[in-house]
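Readers should treat all values here as calculations from the given coordinates under stated rules, not as data from a laboratory. Source: prediction; values computed, not measured. Here the Cβ positions follow ideal geometry from the backbone for every residue, glycine too, while neighbour counts run over all protein chains shown.
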Amino acid sequence: MKAASIRHMNNHVVCGRLLSQTSSYAYRRLAIAAPTNEAATSAATTKKLPPPTADQLRVVALRAVIPMIGFGFMDNLVMITAGEAIDSTFGATLGISTLMAAGFGQCCSDVAGNLSGGAVDAAVSKLNLPHHGLNEEQLGMRISRMYSIFGACVGVVTGCLLGMSCLLFMDTDRADRARKAKELQSIFESVMKEGKSLFKAERATLFMLDEEKCELWSQVATGTKGIIKVNSGEGIVGACVLSGQLINAADAYKDDRFDKEIDERTGFRTKSVLAAPVRNDDGKIIGALQMLNKKNDDGSDGVFGPCEEQLARLMASHVKSFIQIVEG
């Protein structure tokens, strides 16, 4: 009787354990099956979503085009304006290349884009653009993404082209002219400094002709400060430019072409003068070299001879070559 009771209790325990294991196993099966059923339901729902209509896709593209026009316009406008400003100022002074200046301009453009991105978005939001009426699943469809990307590309290209319109109002050659002028100035200063020593002259000056103002101005002048300006027909150097011939005056004050007012104004005493015209490739006179006051080896006053005349012609030819090389 007692043994039967014990067997009965053991049967109950075994049955309880079996039921517990069965329930746990069934629960795990249900838990595993539940996500699968949810995924299936979601997939079924996605498949049932209607594809965007042509009108909705056009709106998707439009809403991608408009903000990108603003970003593209601002990006190119800032980059070109900042790059040109850097090129025309620091470029000529510090020798920065045009590509490096463009790189700095791009940095300024990126910074401006980050700072004003919210302003562009706010401006676009005030345009009250039509809404496409698509949900997130429909916007994630391949056709919707393609229209959005295409619209963004069209917007960026259009904005960049509009931003380039500032080139119509800018002097794009200013930086090149400044760079060439600095290079020429350096060459001329070296030539005239060496020329003064070579000619054994007190002063050496390179005059350039300004046809619009009809005057000669000193591009380089040794032994004096500031710019010297004379009318294109005045003085010995002016006569040299008008005639296109080399002039060698042993005594300037005995030459009727000499302008004494220049000495009176500067306080310099001119004695001997040698002037040679400078021509361009077309043979047109663009300036003149002038050497003042030849000195002998002992320091006494001398006169320029045939050797110096030939040397002046050669130096004038070199100046023409330097201008041709720098200006391309």
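Test of the criteria: in the stretch 168-274, which trypsin sites (Lys or Arg not before Pro) are in a DSSP loop and have at most 14 other Cβ atoms within 10 angstrom of their Cβ?
Details: sites: ARG174, ARG177, ARG179, LYS180, LYS182, LYS193, LYS196, LYS200, ARG203, LYS213, LYS225, LYS229, LYS254, ARG257, LYS260, ARG265, ARG269, LYS271; in loops: LYS200, LYS213, LYS225, ARG257, ARG269, LYS271.
For trypsin sites (Lys or Arg not before Pro) across the stretch 168-274 that sit outside H, G, I, E and B with at most 14 neighbouring Cβ atoms in 10 Å, the list reads LYS213, LYS225, ARG269.
Which shape class, rounded, prolate or oblate, goes with the stretch 54-172 when its Cα gyration tensor gives a ≥ b ≥ c as root eigenvalues, a/c under 1.5 marks rounded, and past that a/b bigger than b/c marks prolate?
prolate
Treating the stretch 222-277 as a set of equal point scatterers at the Cα positions, no solvent, please give the Debye-formula log₁₀ I(q)/I(0) at q = 0.19, 0.20, 0.21, 0.25 Å⁻¹.
For the requested q values the scattering log ratios are -0.67, -0.74, -0.82, -1.14.
If each residue of separation counts as 0.36 nm, what is the full-extension length gain between CYS307 and CYS166 once their alpha-carbon separation is subtracted?
Gain in length upon complete extension: 45.2 nm.
State whether the stretch 276-328 is rounded, prolate or oblate according to the following rule on the C-alpha gyration tensor (a ≥ b ≥ c being the square roots of its eigenvalues): a/c under 1.5 gives rounded; otherwise a/b larger than b/c gives prolate, and the remaining case gives oblate.
prolate
Sort out for me the Cα centre separation of the stretch 289-311 from the stretch 59-124, rounded to whole Å.
58 Å
Between TYR253 and ALA181, how high is the FRET efficiency from 1/(1 + (r/R0)^6) when r is the Cβ-Cβ distance and R₀ = 35 Å? Nearest 0.05. If you can, show how the numbers build up before the last one.
Details: r = 36 Å, r/R0 = 1.02.
The calculated FRET efficiency here is 0.45.
Over the stretch 176-327, what is the relative contact order in percent, taking alpha-carbon pairs closer than 8 angstrom and at least six residues apart?
Relative CO of the stretch 176-327 lands at 23 percent.
Place a point 7 Å from Cα of GLU194 in the direction of its Cβ. Which residues in the stretch 293-322 have their backbone N less than 20 Å from it?
Residues 307-322 qualify, since their backbone N sits under 20 Å from the label point.
By how many nm would the segment from GLU261 to LEU127 grow when fully extended, if each residue of separation counts as 0.36 nm and the alpha-carbon distance is taken off? Write out the running numbers ahead of the final one.
Working: separation 134, 0.36 × 134 = 48.24 nm, distance 7.16 nm.
That works out to 41.1 nm of additional length.
Of PHE188, PHE169, how do they rank once you tally other Cβ atoms within 10 Å and put the fewest first?
PHE169, PHE188
Counting only the backbone N, which residues of the stretch 59-98 are under 19 Å from the spot 7 Å out from the Cα of ASP173 toward its beta-carbon?
Within reach of a label on ASP173, which here means backbone N under 19 Å from a point 7 Å along Cα→Cβ, the stretch 59-98 contributes 84-85, 87-89, 92, 98.
Multiply the residue separation of ARG145 and MET100 by 0.36 nm, subtract the distance between their alpha-carbon atoms, and state the gained length in nm to one decimal.
Working: separation 45, 0.36 × 45 = 16.20 nm, distance 3.68 nm.
That pair, ARG145 and MET100, stretches by 12.5 nm at full extension.
So which GluC sites (Glu not before Pro) in the stretch 147-244 end up in coil per DSSP with only 12 or fewer other C-beta atoms within 10 Å?
Working: sites: GLU183, GLU189, GLU194, GLU202, GLU211, GLU212, GLU215, GLU234; in loops: GLU211, GLU212, GLU234.
Qualifying residues, ordered by number: GLU211, GLU212.
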